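What follows is a set of notes on a single structure, which appears directly below.
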Amino acid sequence: MSTRGYIGYYDPKRDRYVGSYCHFGIDNLPEYLLKYYNTFELAKKLVDGGDMSYVGKEIGHKHDFNKPNWNWTLYYHRDRGEPWEATKPKTFLSIIDFADFATRYNVVYVFAGGSWHYLFNKSLVPIETAKSIEEVAEDDRNRQSQGIG
């Protein structure tokens with residue numbers, strides 16, 4: 001069974017939140033986001049690729065979904081050929097709308113104001129200032145085991 005996650009960013013130019021689904025690799029996600037997707041441009045590029053099977057160290061290029069390059073992000077549309085309409089990022093008018101939608105996922109991360117946050121009780125909590133990556137991952141696992149989004 002996988003830990004379902006949602007990754008998003010706040011676009012200040014459009015005053016909107018944008019997000020995409022991520023199926024696997026959630027335990028490594030805080031570390032990967034902080035290390036490899038640590039700017040607005042990188043976060044936007046990651047999410048704008050649409051729903052994904054997992055996040056790699058790089059966005060990479062189109063590759064075989066069944067024989068992936070594990071260092072590259074594996075997208076459902078780009079790499080498996082699923083319809084864009086079914087896998088494209090979703091846009092939300094507010095953090096409340098984003099949070100209401102994202103409650104169906106075990107973990108939710110949002111790039112906003114120049115850094116990564118995790119969503120907790122419809123609020124954004126900075127990852128690097130609130131807790132260590134290990135503590136955030138442990139909180140995510142605890143919420144998952146309790147069925148809390």
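Taking the Cβ of each residue in LYS62, LYS88 as the centre, tally the other Cβ atoms inside 10 Å and list the residues starting with the fewest. Numbers along the way, then the final one.
Numbers: LYS62 11, LYS88 15.
Fewest to most other Cβ atoms nearby, the residues stand as LYS62, LYS88.
Determine which residues of the range 19-41 fall in the zone a paramagnetic label at PHE120 would reach in this model, i.e. backbone nitrogen under 15 Å from the point 7 Å along Cα→Cβ.
30
Going by how many other beta carbons lie within 10 Å of each one, how would you line up SER115, SER123, fewest first? Please report the intermediate quantities before stating the final value.
On the way: SER115 18, SER123 10.
By the 10 Å Cβ count, ascending, the order reads SER123, SER115.
For SER94, SER20, what ranking results if the residue with the fewest other Cβ atoms within 10 Å of its Cβ goes first? Mind dumping the intermediate values first?
Numbers: SER94 11, SER20 22.
The fewest-first ordering by Cβ neighbours comes to SER94, SER20.
Considering only Cα-Cα distances, which of the following residue pairs are longer than 25 Å: LYS67/LYS88; LYS13/LYS57; LYS13/LYS62; LYS45/LYS67? Provide the component values of the computation, followed by the final result.
On the way: LYS67/LYS88 23 Å; LYS13/LYS57 27 Å; LYS13/LYS62 29 Å; LYS45/LYS67 23 Å.
Over 25 Å Cα-Cα: LYS13/LYS57; LYS13/LYS62.
Kirkwood Rh over Cα pairs of the range 1-75 into Stokes-Einstein at 10 °C, 1.306 mPa s: D in µm²/s? Don't jump to the answer; show the numbers that get you there.
Details: Rh = 12.6 Å.
The calculation lands on 126 µm²/s.
The numbers here are math on the coordinates, done by the rules we state, and not lab data. Just so it is clear, the model here is predicted, and its values are computed rather than measured. Positions of Cβ are generated from backbone atoms using ideal geometry, with glycine treated the same way; all protein chains shown enter the neighbour counts.
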